[in-house]
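Notes for the one structure printed next.
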Amino acid sequence: MAVSSALSSSRAALAAARPRTMPSPSSSPRALVLVVAGLVLSLLSGSNHVAAGGHPDYADALGKAILFFQGQRSGQLPPDQAVTWRSNSGLSDGSAANVDLTGGYYDGGDNVKFGFPMAFTTTMLSWSVLEHGGKMESRVGEARAAVRWATDYLLKAASQTPGTLYVGVGDPDADHRCWERPEDADTPRTVYAVSASAPGSDVAGETAAALAAASLVFRASDREYSRRLLDRARDVMELAVRSQGKYSDYIGGNIGAYYQSYSGYKDELLWASAWLLRATKNSSYLGYMYIYSLGANDGVDMFSWDNKLAGARVLLSRRALVDGDNTLEPLRQQAEDFFCRILPGSPSSTTQYTPGGLMHKSGDANLQYVASASFLLATYAKYMAVSKHTFSCQGVLSVTPKSLRALAKKQVDYILGANPQGMSYMVGFGARWPQRIHHRASSMPSVATHPAHIGCQEGFQSYFYSAAANPNVHTGAVVGGPDENDAFPDDRGDYARSEPTTYTNAPLVGCLAYLAGAYKSRAI
């Protein structure tokens, strides 16, 4: 239940747990109150994380980026759970609405399940497997398992009550007034839903995209599961289109202070249409695209859980470049406008870079934007290479697949330690990584080592304010990252820079797979 008294000592923590804010009108950030891992003992045995060619060991980073999702699991954990400092949690989720909403992922370091960013995470993990799974080698099964942990939950959310999509579990305000392990969480597990009477085209569109993309991931290995995902994707898309509106305007619970869609919902309808077109090959989804895309000619320089325009345009450009569908040429041009807005040296660039060479889009969880942009760079480079395509930015900067790959590699290398701090921003990778990440379960002893309940305020006093490294190493967690001057304080209270999120790791998985394939060699 919610805390009845707010100790003065917890108010500073609440300031660190304030909701997510917008970096710019064209996109939005993320930011809840969470914590992530420090150093004590790595789950994976060490190498120096440098491959023979002098570049980071992308294959090792890939394995860790996927492993991270196990540390974010909610529900009954399976026997093969490798992240052993986590235990079962949220086992009564959904009971407030007499449905089963157990499972799924916590978005970052708190104990709320937000359906909007969870669905985006699922879409991006699925896209990572679809585009770059061939380069994941033995890790592809682990990546599919990460997708399935999410889709099992999304199927529950979309299937239990006709005409209703459940989009969240937990009271975010009450949750953020506590510093508790997921296993101890005792704040209300409020259930949120959208329907015809409470529209949510943004979250429903993203959920439809996630289910459609995942249906392709499992099409060869589990056809029945794939069919269920696609059938449900169609149903959820119908809900998104039939009853239009932003979910944060209707469902209450102060959700809008955490994950409202600042960009509106037409980008999600375009995104979902693109994925349903790819999954079904049904040209009727092209009709949605013309409605929701050609009227949205605004230029964007971000891709995130909020604004899907750049991702949708790149996805549809595959059909234009690889399949030769000339009707989608306007979307290809919009995709290339996005790249011209982020490429250094482009006359139309709207993107700042730190002195160390990192894209800087926001003071709040900046690495989520770096990871998602890097995924699009690597993926579009693949489409360009296959179709032998090049383009230019206003006739000044010539852009080739190599140009895009080079920028993606530079951004990923920075995340993995090639930066002025010499700091890897992926926990457990490299010689130095953040020790005091903003992540509750990582910052507190596990249930195995401390079985007794740790209360809401005790968590602040004993663990949040501690200067010690987190006792549990959240291997693979990528934090919010450094500021515009490449500075990183490694401060648990600085959620904007020290919190990891699922939607940062999800696109990074695909980019790391791409680089692991391109720079394959044994670690030294």
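Annotations for the structure displayed:
- Å² per residue, accessible surface of the chain at 1.4 Å: 33 Å²
- Of 182, 170, 311, farthest towards positive along the dipole that unit charges on Lys, Arg, Asp, Glu beta carbons give the chain: 311
- Mean-position separation - Cα centroids, region 209-285 and region 373-442, in angstrom: 27 Å
- Modelled FRET efficiency - R0 25 Å, residue 491 with residue 450, Cβ distances, 0.05 increments: 0.60
- Additional length obtainable on full extension of the chain from residue 186 to residue 284, 0.36 nm per residue less Cα span: 30.6 nm
- Karplus 3J(HN,Hα) series, Hz, for region 433-448 with 6.51 cos²θ - 1.76 cosθ + 1.60 (x for Gly, Pro): 8, x, 9, 10, 6, 7, 8, 4, 4, 6, 7, 10, x, 5, 4, 5
- Candidate cross-link partners of residue 113 among the lysines, defined by an alpha-carbon separation under 17 Å and a same-chain spacing of 8 or more, comprise 156.
- Heavy-atom accessible surface of the chain: percent carbon and sulfur, 1.4 Å: 51 percent
- From most to least packed by mean Cβ count within 10 Å, the peptides 472-480, 97-105 give 472-480, 97-105.
- J(HN,Hα) series, region 67-75, from Karplus relation 6.51 cos²θ - 1.76 cosθ + 1.60, nearest Hz, glycine and proline x: 4, 3, 5, 5, x, 9, 5, 10, x
- Rounded to the nearest Hz, the phi-derived 3J(HN,Hα) couplings of region 309-318 under the Karplus curve 6.51 cos²θ - 1.76 cosθ + 1.60 (θ = phi - 60°) are 4, 4, x, 5, 5, 5, 4, 6, 5, 4, where x marks glycine and proline.
- The length gained on full extension between residue 400 and residue 137, counted as 0.36 nm times the residue separation minus their Cα-Cα distance, comes to 92.0 nm.
- Listed pairs 64/402; 361/409; 135/409; 382/410; 135/520 exceeding 20 Å between Cα atoms: 64/402
- 137, 180, ranked by accessible area, largest first (probe 1.4 Å): 137, 180
- Amide H contacts of residue 191: 170, each under 5 Å away and 5 or more positions distant or on a separate chain (H built 1.01 Å from N in the peptide plane; Pro and chain starts excluded).
- Inter-part distance where region 299-332 and region 59-79 are each reduced to a Cα centre, Å: 30 Å
- Cα-based Rg / Dmax (Å) for the chain: 21.3, 65
- Mean Cβ count within 10 Å, highest first, over the residues of peptides 120-129, 323-332, 59-68, 148-157: 120-129, 59-68, 148-157, 323-332
- Helical content of the chain, expressed as a calculated mean residue ellipticity at 222 nm, amounts to -13000 deg cm²/dmol (DSSP H runs of 4 or more residues, -39,500 (n - 2.57) each, divided by residue number, nearest 500).
The values are calculated or read from the model by the stated rules, or taken from the named source; none is laboratory data. Quantities reported herein were computed from a predicted structural model and do not represent experimental measurements. Positions of Cβ are backbone-derived with ideal geometry, glycine not excepted, and every protein chain shown enters the neighbour counts. Only protein heavy atoms, including side chains, enter the accessible area calculation; ligands, DNA and RNA are left aside. Shrake-Rupley method; radii C 1.70, N 1.55, O 1.52, S 1.80 Å.
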